[in-house]
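What follows is calculated from the coordinates using simple rules that are stated; it is not laboratory data. Everything numeric in this text was worked out from a predicted model, so none of it was measured. Please note: Cβ atoms are built from the backbone with ideal geometry, for glycine as well, and neighbour counts cover all protein chains shown.
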Amino acid sequence: MDKYIPQEIEKKWQDQWESANSFHTDEDPSKKKYYALEMFPYPSGNLHMGHVRNYSIGDVVARFKKMRGFNVLHPMGFDAFGMPAENAAIEHGIHPRDWTLKNIENMIRQQKSMGLSYDWNRKVETCQPDYYRWTQWLFELFYERGLAYKKEASVNWCDNCGTVLANEQVIDGRCWRCDGEVHKKNLAQWFFKITDYAEELLADLSKLDGWPERVKTMQENWIGKSEGCEFHFDIEGFDEKLSVYTTRPDTAFGITFVVLAAEHPLVEKLIAGRENESEIRAFISETLKMSEMERTSAASEKKGIFTGAFAISPFTGKKIPIWISNYVLYNYGTGAVMGVPAHDERDWMFASKYGIDKIIVIDRPEKSLKLDEMDNAYIEPGVLINSGEFNGIPNEDAKSKIVDWLESKNLGSRKINYKLRDWLISRQRYWGAPIPVIYCDKCGEQLVPKDQLPVLLPDDVEFKQGALSPLATSKTFSDCKCPKCGGHARRETDTMDTFICSSWYYLRYADPKNSSEPFEKSKVNYWNPVDQYIGGIEHAILHLLYSRFFTKVLRDAKLLDFDEPFTNLLTQGMVIKDGAKMSKSKGNVVSPEEIIEKYGADTARLFILFAAPVERDLDWSDQGVEGASRFLNRVWRILLQFEDQIKTAQDSYDVSTLNKDEIDLRRILHRTIKKVTEDISDRFMFNTAISSLMELTNAIYGFQDKPLNPNLAREVARNLLIMLAPFVPHISSELWSRIFANEKDVHEQNWCEFDPSAIVEDEIEIVLQINGKVRDRIKIPATLDKDGMEKIARESKFVENKTIVKIICVPKKLINVVVK
RNA sequence: GCGGAUGUGGCGGAAUUGGCAGACGCGCUGGACUUAGGAUCCAGUGUCGCAAGACGUAAGGGUUCAACCCCCUUCAUCCGCACCA
């Protein structure tokens, strides 16, 4: 018997699959389609273990579904635009394109060495003109639909990256990519109007039954819907109105101050000419200097200053002092809030600090509130007091009654607010899809005509750290003709956020070579939505929210006929080692390439699928890898030991010729088929599926030194290899080709079915409990009914001399006798 | 602070509907084969106990004939959000 040498067989099978075009897919309306997709990688140059895990999971799903008869789409591509390529250009003088393409080449080589069942004919690379042409085309579609606009705004700026960032890309006040500090800057930038879809993006989360709850919760929080009302105050001595937004109109009679954000446009008017104007201005500039982080931290101190102006409460007619404070956000609601210290914790702190009045307007049901006994705002439910005609109404009911009142007096109206902001999509970088817009002095902003797309990236640019838009340094790029008047015009020199490229790639896979449109509608409607999407939790908001937005816009544009891009989402856990995420700085990185070279791809895949459930973090263990390798060697040896007998055996045979041990083995086989099938298809429990395959293998070893019916050996080998195939494709193909030499490759076989009659046992072991404690294990006929079981229990020596209170029988499981 | 998750041997983890806790793997111990073993095969391996047995799923309580699983309280760890009025 020859030895299992993965290095030899893996390459052989990879080449064979590639030359046979084994994983090529076409639309086939006669078959049920299945679209398995792993998040495409950024081409950093090398796969890391997170990729290996991601692709191993996806490959099991794709191969399994294929064996179950689905027409499977399983593509791979590269999210190829982005900063690192540009940093390489800055640091090493290599062009981002060359750097990226070289990295892609290496990563494809590594992916191929894993034996993944991708249809490589469908590869997409977002940095290629034949792809970004359609990214630009989609930008124009958004523009034409009023969903892309340019405006001057206070935006997030990362100095390191020399570009603006979307809100979603700012993590704890830092850049998602380089971790550098982000600060605010006023710039004219392009936005996508994702807020138009806020309600649908929120509401449709309920359709996503196949998504993890926590991802949906995160998106829900990010969209941040709140229902309340907006109303306005008159300002004493000014012909101005001051609007505020609140979710607590029921507390409105308790307003004792109003607070403006430092940026609020009214501030300037209100403070002009006050005797302490310079003091107020100093406060404002100090507030504006604070970083976003400091200002929005709930922990930071609430500071404020009185403007000297008064609003008039529409509820009580009283004068309400107008303050400015650092705790009011300008970009949410109206940038101004009402202060009700008795019933809001922030207002309580603020009022306490500056000696502002507090008025209780919601009273506690059990015991009346007294200000001097309170050291906190009262935010529980209660009944309105000090609220004029609304006194005595429970506060929840009062909310809508007071809004009705405001609406009837034309003072305000119901209002829904979202935390979600429009998506800032322009970037002052080179390595991205140029925004296809032309500025003409005469005709204004113009889209590049569709037949002139793509707007190609120029080569004559300078790459400099922190430089503004490298495209602006090109001699040739900016100058152009206005598509409308033909006069001199200039191009937009910003590029698009790479998240735009990745917001539609899963659609392009359906029709990757189309040169007349982004994709053919019928093809996208056949393959999409993605049936199973697999990737890391880090995209819970960013990519997954943007893709949902894109899908909805494209649906409204009638380019496709579904509402959600990803029917089922699996968020894999991280690969960690020694308790920490693998990282160069911690020195705990395990290189996939080295593992594959040493043990083979099958071992790497098997270990990573076996070591932990897919959604949980996986602790890398070199010894665990050894264990996986050991198992494959065991499979290799035991199957080849029976090779000759199996070859001469029959596929259909009379199972009544089997002896008792053989019947047991056959039972284990069919139980394993049942379990593995369920574990893969219903639960994604690959770790337990593999463990039962190990148990089956252990059971075969019981026949290592004793005769095994060749027909059964053949049945076991056939099914074991079919079940192993999605996990460890190479060794499965190799053993299959040796044992079932004149049959098609194991990956072309149908998945196995279990034989229910093989699982049935004549005699089963049940547990006898006395007062819930296990006292005995008894063998009984499987057909024995409750009465029979009870009889056995009564005759048991463990019941002797005891008074039986009750007997509980669970068929096929246990008997519990309650005694005194 | 709010929201979500997790907590089981020396370790990774099983236990699918409330019904034998610890499957499978790692590690460890012993044995076989062997010049040798870091290969392979076999056996053992939750804790205490000579044993019968008792105890045991973060801690405490509850429901139940029966609880890792359901309910209540507390703790720890991780993740997300975090002045959103």
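Structural remarks
- Take the Cα of A:E743, step 7 Å toward its Cβ, do the same at A:W120, and the gap between the two points is 2.8 nm.
- Seen from A:D602, the other residues with C-beta closer than 11 Å to its C-beta sum to a net charge of -1, counting Lys and Arg as +1 and Asp and Glu as -1.
- Region A:648-720: proportion of alpha-carbon pairs further apart than 16 angstrom, %: 48
- Taking Cβ atoms as reference points and 14 Å as the exclusive limit, the residues near A:R248 contribute a net charge of -4, counting Lys and Arg as +1 and Asp and Glu as -1.
- Normalised convex hull volume, region A:378-523, alpha-carbon set, Å³ per residue: 286
- In degrees, nearest ten, helix A:6-19 long axis to first principal axis of chain A (Cα): 70
- Applying the criteria of a DSSP loop state and at most 15 other Cβ atoms within 10 Å to the GluC sites (Glu not before Pro) of region A:695-802 yields A:E743, A:E753, A:E761, A:E800.
- Helical mean residue ellipticity (222 nm; -39500 (n - 2.57) per DSSP H run of 4+; nearest 500) of chain A: -11000 deg cm²/dmol
- Coarse-grained scattering of chain A at q = 0.07, 0.08 Å⁻¹, given as base-10 log I(q)/I(0) from a Debye sum over alpha-carbon atoms: -0.74, -0.89
- Sorted by Cβ density within 10 Å, fewest first, the residues A:V716, A:V746, A:V819: A:V819, A:V746, A:V716
- Taking the C-alpha atoms only, the angle from helix A:213-223 to the longest principal axis of chain A is near 20 degrees.
- Between A:Q128 and A:R683, the C-beta separation translates, for a Förster distance of 41 Å, into a calculated FRET efficiency of about 0.60.
- Calculation over all alpha carbon pairs of region A:151-215 in 5 angstrom steps from 0 returns a P(r) of 4, 15, 19, 15, 16, 14, 11, 6, 0 percent.
- Overall, the ratio between the Cα radius of gyration of region A:84-129 and 2.2 N^0.38 Å, rounded to two decimals, is 1.35.
- Spatially close Lys pairs in region A:1-87, defined by Cα atoms under 19 Å apart and a spacing of eight or more places or different chains, total 8.
- When the C-alpha to C-alpha distance is required to be over 26 Å, the pairs from A:K269/A:K399; A:K207/A:K675; A:K207/A:K521 that qualify are A:K269/A:K399; A:K207/A:K675.
- Partners of A:K773 within straight-line reach, counting lysines whose Cα lies under 28 Å from its Cα and excluding those fewer than 8 residues away in the same chain: A:K786, A:K791, A:K797, A:K802, A:K806, A:K812, A:K813, A:K820.
- Label zone of A:R214 (point 7 Å out along Cα→Cβ, amide N under 20 Å): in region A:607-629 this covers A:609-620.
- Cβ-defined net charge surrounding A:R429, 9 Å radius [Lys, Arg +1; Asp, Glu -1]: -1
- Which listed pairs, of A:K475/A:K558; A:K150/A:K552; A:K419/A:K484, have C-alpha distances above 28 Å, in listed order: A:K475/A:K558; A:K419/A:K484
- Modelled label positions at A:Y149 and A:E199, each set 7 Å beyond Cα in the direction of Cβ, lie 1.8 nm from each other.
- Approximate spin-label separation A:E445-A:E615, in nm, with each point projected 7 Å along Cα-to-Cβ: 4.2
- Chain A: angle of helix A:96-113 to the longest principal axis, Cα-based, in degrees nearest 10: 30
- Partners of A:K581 within straight-line reach, counting aspartates and glutamates whose Cα lies under 12 Å from its Cα and excluding those fewer than 8 residues away in the same chain: A:D617, A:D619.
- Sites A:D622 and A:D776, calculated FRET efficiency, Cβ-Cβ separation with R0 35 Å, nearest 0.05: 0.20
- Order of A:Y149, A:Y131 under a 10 Å beta carbon neighbour criterion, fewest first: A:Y149, A:Y131
- Beta bridge orientation in chain A: antiparallel %, DSSP, nearest 5: 75
- Note on A:A282/A:N391: beta-carbon distance plugged into 1/(1 + (r/R0)^6) with R0 of 35 Å gives a FRET efficiency of 0.20.
- Note on A:K706: lysines with a C-alpha under 21 Å away, same-chain residues under 8 apart excluded, are A:K647, A:K660.
- Its Kirkwood hydrodynamic radius, worked out from the mean inverse distance over all distinct Cα pairs, puts region A:227-269 at 11.7 Å.
- Hypothetical label at A:D159: residues of region A:463-495 whose amide nitrogen lies under 18 Å (7 Å Cα-Cβ projection): A:464-469
- Burial ordering of A:K415, A:K442, fewest other beta-carbon atoms within 10 Å first: A:K442, A:K415
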